[in-house]
1. As an exercise: evaluate G9 against (1) open to solvent by less than 100 Å² (accessible area, probe 1.4 Å); (2) under 27 Å from S95 (Cβ atoms); (3) out of contact with any Ser or Thr (no Cβ under 8 Å at 6 or more places or on another chain) and give the number of the one condition it does not meet.
2. Can you tell me which of (1) touching a Lys or Arg at 6+ places or on another chain (Cβ under 9 Å); (2) at pLDDT 95 or above; (3) aromatic (F, W, Y) is the one Y100 doesn't meet?
3. Return the pairs, sorted by first residue and then second, in which the second residue is open to solvent by 80 Å² or more (accessible area, probe 1.4 Å) and not in a helix (DSSP H, G or I), the first residue lies in the stretch 78-107 and is closer than 18 Å to K33 by Cβ, the beta carbons are less than 8 Å apart, and the residues are 6+ apart or on different chains.
4. Quick one: what pairs do we get from the stretch 31-51, first residue farther than 26 Å from K67 by Cα, second open to solvent by 100 Å² or more (accessible area, probe 1.4 Å), C-beta under 8 Å, 6+ apart or different chains?
5. Take T16 and decide whether it is out of contact with any Phe, Trp or Tyr (no Cβ under 6 Å at 6 or more places or on another chain) and modelled with pLDDT under 95.
6. Test K80 against the criterion of being under 17 Å from W103 (Cα atoms) and surrounded by fewer than 12 Cβ atoms within 10 Å (Cβ to Cβ), and give yes or no.
7. In the stretch 83-107, which residue that is open to solvent by less than 70 Å² (accessible area, probe 1.4 Å) and out of contact with any strand residue (DSSP E or B) (no Cβ under 7 Å at 6 or more places or on another chain) is farthest from E17 (Cα to Cα)?
8. Where residues in the stretch 16-57 are charged (D, E, K, R) and in a loop (DSSP other than H, G, I, E, B), which of them is least open to solvent (accessible area, probe 1.4 Å)?
Amino acid sequence: MTEFYFAEGLVFVITTEADKFNAYKLSDNLMKKKLIACVNFNNVESHFWWEGEINKSKEVQLIMKCKKENLNEVCLNISKTHSYETPEIVYFPVSSSNHYYNWVSSI
């Protein structure tokens with residue numbers, strides 16, 4: 001039986017955008033700069049406090065995968081180019097298979 005090895009050093013970065021146009025624009029910017037290796041898009045419904053009221057909105061969630069060393073630059077780029085005044089920027093370290101880690105690291 002073959003052993004399965006795991007690697008650390010990857011980060012998931014999550015944000016939401018108002019629509020697919022803005023989500024694609026944001027992710028294309030990060031991908032062209034080779035700051036992220038890939039991104040997944042999910043249609044979500046968000047409920048949140050904004051300016052003293054509960055709001056409900058349909059949004060596009062982006063789950064981006066990047067190397068840990070790119071995290072600061074990814075977050076700065078999101079802050080600068082996001083369509084929202086106060087964008088959600090959530091990130092957390094993840095472990096992956098060595099093969100996946102090597103692929104992300106090659107970008």
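The values are calculated or read from the model by the stated rules, or taken from the named source; none is laboratory data. From a predicted model like this one, the values you see are computed outputs, not experimental measurements. No Cβ is skipped: glycine too gets one built from the backbone with ideal geometry, and neighbour counts run over all protein chains shown. Areas reflect the complete protein model, heavy atoms only, side chains present, ligands, DNA and RNA absent. Shrake-Rupley method; radii C 1.70, N 1.55, O 1.52, S 1.80 Å.
1. If we test G9 against (1) open to solvent by less than 100 Å² (accessible area, probe 1.4 Å); (2) under 27 Å from S95 (Cβ atoms); (3) out of contact with any Ser or Thr (no Cβ under 8 Å at 6 or more places or on another chain), just (3) comes out false.
2. Condition (2) is where Y100 drops out.
3. That search, which allows pairs on different chains as well, returns I107/K34.
4. Short answer, once both residue conditions are applied: E45/K56; E45/K58; S46/K56; S46/K58; H47/I54; H47/K56; F48/I54.
5. No, not satisfied.
6. No: the conditions fail for K80.
7. I107
8. The qualifying residue least open to solvent (accessible area, probe 1.4 Å) is D19.
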